[in-house]
Structure formats: structure tokens, C-alpha cells
1. For PHE664, what charge total do you get from the other residues with a beta carbon under 14 Å from its beta carbon, if Lys and Arg give +1 and Asp and Glu give -1?
2. Compute the length gained on full extension between VAL258 and LYS521: take 0.36 nm times their separation in residues and subtract their Cα-Cα distance, giving the result in nm to one decimal.
3. Evaluated at 25 °C with a viscosity of 0.890 mPa s, what Stokes-Einstein diffusion coefficient in µm²/s does segment 200-313 have when Rh comes from the Kirkwood expression over alpha-carbon pairs?
4. How much length is gained on full extension from GLU530 to HIS303, taking 0.36 nm per residue of separation minus their Cα-Cα distance?
5. Determine the alpha carbon to alpha carbon distance for each of LYS474/LYS651; LYS190/LYS500; LYS458/LYS644; LYS251/LYS345 and list only those over 27 Å.
6. Just how far, in whole angstrom, is segment 359-403 from segment 619-667 if you go by their alpha carbon centroids?
7. From Cα pairs below 8 angstrom and at least 6 apart in sequence, can you work out the relative contact order of segment 355-462, rounded to a whole percent?
8. Tabulate in residue order the Karplus-calculated ³J(HN,Hα) for segment 167-173, using 6.51 cos²θ - 1.76 cosθ + 1.60 with θ = phi - 60°, rounded to whole Hz; enter x for Gly and Pro.
Amino acid sequence: MFWSQLVASLKSDLVQILAHFSLRPSSLNRSNVLSSQMRQSKDLMSHRAHIRKRHNTPLESATKSSSTTITMASSPSSTLLSSRSPIKPTSLSSLKWKLPISLTLPRHQRRRGSPAFIVLSMDAKPTVLVAEKLGQAGLDLLKDFANVDCSYNLSPEELCTKISLCDALIVRSGTKVSREVFESSGGRLKVVGRAGVGIDNVDLGAATEHGCLVVNAPTANTVAAAEHGIALLTAMARNVAQADASIKAGKWLRNKYVGVSLVGKTLAVMGFGKVGTEVARRAKGLGMHVIAHDPYAPADRAHAIGVDLVSFDEAISTADFLSLHMPLTPATSKILNDENFAKMKKGVRIVNVARGGVIDEDALVRALDAGIVAQAALDVFTVEPPPKDSKLVQHENVTVTPHLGASTTEAQEGVAIEIAEAVVGALKGELAATAVNAPMVPAEVLTELKPYVTLAEKLGRLAVQLVAGGSGVKSVKVTYTSARAPDDLDTRLLRAMVTKGLIEPISSVFVNLVNADFTAKQRGVRISEERVILDGSPENPLESIQVQIANVESKFASAISESGEVTVEGKVKDGIPHLTKVGAFEVDVSLEGNIILCRQVDQPGMIGTVGSILGEENVNVSFMSVGRIAPRKQAVMAIGVDEKPSKAALKRIGEIPAVEEFVFLDL
């Protein structure tokens, strides 16, 4: 009797749901549903063909959609209808007949094993919030797959309110995607798309914590940025901006604005990535002699277009023009400073369409006033917009534009398409080559590999910092020693973390499991893997990890192994990553802090001497280990330190008579 009453109640509730959507039960037979789906599919393909023809853009099929649920709780006194997202009446045309999954009963009527809810599953488009203007081609792509809400100039509070109804968010540089945004999403937000390259306005840590993928569009504006760099270069050389302002002020000063020719002049391209390469191509076409500095760019790519890769000092000291295209990293922050301006030819001209922070702006003003730098053309600044009273912006020998590098119609459309494709792919669950934060990893795998993941990244960071800046990293070999069978050890995450450690210290690229192989390939780095199988218990996934970089010079000669590669090796001990080998020297030092490596003559008192210097400089030593070839011969001391030693402290260590070489490694 109870179950018959229950079924009758469910029928009544279902009729109420259908009435809510103004749909007759008789219209929901299976053939009608399938016919409706086929008609929609035909219309969808026709619409996609129209977009392809209109924008001349390849589009992937996007017929899959996310699932939404309607939960109906039955009780003798009430019926509750709720949904995770707004559902329009037409949504029921794709109703999936997977009705009884579970059912709510009053506590006194629940039985062991009885279901808890009835879930009505439907296909429903995800919702994408576009918070800043996006090219129409990108919007068309999004609308083909999702419901698109274009709401611009939202306040932080308005964004937090809207985000709980959205599966994806697309922004440019003007919208801050803070931790509060992710917390307000209630777990619904699956992907944030940054229409452009920089992701400074997105809290990556919060995104990862909330399982939200962040993707960007790093390639579509390459040509636009290169063209703007050349435009500033030529405008600066011929005083275009100053002459224009002079005429508009009613003056006619032909003699004042005599320029310089580009033909035969030396242009140093500082950073030979995509944009730098395109600038070099165009400068060659203008008859300039082009050199470039990028310690991690493949020499064959430079030689293919007639460009020589040189050291940093050679580039800045021989160039007539400098064009900056390097990322902003700790190593490049204010890299053009008083010290380096002093090394330049008097009358050098500088163009920056990369990142404002790579130039010490106060130092540039001093160099301009002193005549070391004749002119500068800047599209980017440390603070944007710069202060109205900025001495640099107001300087008569400086040409400025308001961050227009990517501001062409074609670039904006390209960025729109690139980010739309990335967001749609992410919503489908596809791997994204432009992902910039860590993907979700199965909990059991991450738990077991967690200390080895840290070890892999630290070894990558160590290895690349041991490479001398004048040579590029092209060939890397990672060797895993384990008692497990190869099929029982998935090393993709470990390889990704080695790649992350190798690339992030010298680039603004964020590396993770999704984009590691893509990023390595883009930088011309080939990473191979080897597994050494040990006898013994496979209880621990790994015995050791070794990273070797071939065909490079090292700033710490002792890191070169007998086979000629920069070599570092490590193990996990009691859950903590340890460095166990540098070159041919056995050491044992925790990788929890930073490290100083010293090669010295093995003699009494060395540990105390170095330790005393660090103590006097208020640097706390966490670990110290010495590896030697033989007594009274050469030895390598590995010192773990909690703080970065001052230049004075490192200089004192280098002045110890028995110390032959040393290096500080920032982990």
C-alpha cells in the first residue's frame, strides 16, 4: 500500500514539474524528444557553418553540454522544486529519461537501502560570464556552446553575486578575479579565461584550491606586439611624436627634429621568444644588423633568420637600439639599471613593449638626462597607468603609448577566438595547452607522489641555476630509479614538475601537468626519461630522481659529471626531499630552504669558517654536508640556509683562500 501511494505521489509531482515548464506530458514521448534533438543538432551545425564562413575560422564541434539536475523531494505535505541553474521551458526538449536515481522520504519512513533523492537529469548549456569586451568571433564561438552573459564594468560585489550562476568567466586585464570570487562561486566555476597573456589579476592559488582551471591566450597578439615595437622604433628614430606635437602647437621646427637612420644600425633584441623573433624579422627587412640575447632560445632558430645570439653584456654594450621582449621574473626585474646603463654606448635608443618592471624607471631618467640614452619609446610601465607627474613620461626624449601592444582589430579577434576555444575545451573536459595553473590529480596518486613531486621541481630549479647564462638548455634527461615495474609508475606528473623547475625561474610561463610538454617544446627543450629498475620491495614509488642537462656550460664546474652533463640527484628521506649528488660529489642536504654550494680544498676548519661568516651575517644554517673525492683533495660543501645571504656574505665566502668556486641557489 505504501509503495502504491508513493508512485501516485511521484506522478503528481512530475505533472507539477511539467506544468511548471508549460509542457504537456503527452508531448514527452521518446520519439518526440529524439526528433527535437535531431532538429536542434541540424540547426546547430548550420549555425556553426555560418560562423566558419563568416570568420574563416576552424571550429570544433561543441554539441556536448554539461548536466544539470532538478531535485524533487516528496513528502505527504510538500513538493520542492530546485535547480542548480536557470532552466528555460525549451530545455525540456533534450530531457534524458533517467528518472529514478533516488528519493527523499520522511525520516520515519526511510528503509535501509532505499534511495534518497529522485533526480531528473537534463542537458543544459553551461553559462559563461564575459566581464570585459570580447571580439565578436569569440562570442559567436561561446554562444554556440553555452549561454553567454556579457556584463561589463562589474564591481567586485556584483561579480561575486553573479559568479555563483556561472560555469566559466572570461576577463581581460581590468577585472580582478580574487579569492572572494572563487569562494562566492560555490564550486560551480570551472574555468577562468584571461583574454591575453598576463594573469596578474587572477588569484592562481585560490583558483587551484577551488578546482578551477585558468587558461590564457598567449599567441594571438604576437604579430601585433611586434608591429607596435617596430612602430615605436621608427617613430622614435624620426621624432614623429615630438614633431607632431610641435606642429599642432603652431610651430615649424624642421632643424630641431632631425632623426637617425635605421639602415646599418645594430639592434639588440633582448628576449628571443615569439615577439622578439618577429621583431628581428622585421628589423632585418629594414636593413638593420640584428643580434639577440636569450640564454634559453635555440641557436638554430636564431641562425635561421640571420640573427646571432650573444651574451647580455655584449648585447647592451654594442647595440645602437635595444628592443625589450623579456618576461618579468625575479631575474629580469629592473635588469636595466644604473649599472647596466653605464655599459651601453652613448646615444643608445631603447624600446619596451614587454613589461614595465624590467626597467628601473628612475635610472632610465638619469641615463636620459646624462645623454647615455638618447631616446626611449615605452608602451609599458611599472605602474599602469603611470602617475600624471611622472618624470619619465614627461621627458622630452621619451615617446609613450598606453599599453597598445595587442591593440589591433585583428589581434583582438584572434585573442577572442583563442580564449573562447580554450574555455569551451576546458568545459568539455579537454586538456588545455594554455592552462596556467595545476590540474586536478587523483588524490591517491598525489598523496603517494607528493614528496617526489616537490623533489622533482627542486631538482629542476637546481639544475637550471647551475647552467651558465650564455648557453641554452636544449636537452634534459630525467632518470627514475625504482623497484616498481614501469607500468606501475606514472611519471607524467614528475616530468611536468621537472619541466616547471627548469623553465619557471627563467620565464613568466606557468607550468603544470597540462602544459608541461607543450611549454618545453615551445622553448626548444627536449626532455627524455629513463627508468632504472632495482631489486627489492616496491613499497616506495621511487628510490631517486636524477636530472641531467647536456651540452651546456656550468657556473659551478663541479656540477659537471664525468659524462659532461650538469647533474643533480635527490631522494626523499622521511618525507623530505634531499639533494644527494652534485656532479660527481655525494652530498646530503635538505631541499626545504635555499642552498650554497662551495668547492674547496678538503682541509680542517672549512665548515667552521663558512658557518662563522653566515652566523655573523645573521643567516641561519639548516643543514650542512660535505662530499669529497678523497681526504685532503677537492670537496663540495652543500649548505642549506633559511635566508638569502647578502652580497657581502657571499663575497666573504668567495674570498676564503681554500674556496675555489661557489654558487647560491634560490629554491
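1. Every neighbour counted, the sum reads +2.
2. Working: separation 263, 0.36 × 263 = 94.68 nm, distance 4.55 nm.
Length gained, VAL258 through LYS521: 90.1 nm.
3. Rounded to a whole number, D works out at 144 µm²/s.
4. 78.6 nm
5. Listed pairs above 27 Å: LYS474/LYS651; LYS251/LYS345.
6. 41
7. For segment 355-462, the relative contact order is 18 percent.
8. Taking θ as phi minus 60°, the curve returns 9, 8, 9, 10, 9, 9, 9 Hz for segment 167-173.
Where a number appears in this text, it was derived from the coordinates with a stated rule and is not lab data. Just so you know, these numbers come straight off a predicted model, no measurement behind them. For neighbour counting, all protein chains shown are included, and Cβ atoms are generated from backbone atoms with ideal geometry for every residue, glycine included.
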